[in-house]
Amino acid sequence: MQRKLNSLIGQNLLLTKRRDIEDIINENKLISEYTVIKQYPNKISVKLKEVVLVAKFIKDKKRYFLADNNNLIPYADHLTDQNLPNVYGKDAEYY
């Protein structure tokens, strides 16, 4: 995400579309809320709020995290510093 946002550096602020920035942010499932504000003449302010991981579980033989906004996030070792409960059972992501 940072690489894509950095590609906007040096572009004309008047021609930069807020929707383009929002599309880049929406690709990241670890972001739950954000605000994008153009601060003329030369600045864009982006504020991000990360999701909170609430559980981990296995679905279709793949490991996932369940976030507080009900998104499924593929398991990654760098996200495992938390001691999260394991959820088991049919349709575990709905608990």
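Values quoted throughout were computed directly from the atomic coordinates according to the rules given, and no laboratory measurement underlies them. Source: prediction; values computed, not measured.
The table for this structure:
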read-out: Karplus-derived HN-Hα couplings along region 3-17 (A = 6.51, B = -1.76, C = 1.60, θ = phi - 60°), whole Hz, x at Gly and Pro; value: 4, 5, 5, 5, 5, 7, 5, x, 7, 5, 5, 5, 8, 6, 8
read-out: Placed amide H near Tyr75: partners under 5 Å, 5+ positions off or other chain; value: Arg63, Tyr64, Phe65
read-out: Nonlocal amide H pairs with Ala55, under 5 Å, H built at 1.01 Å; value: Leu66
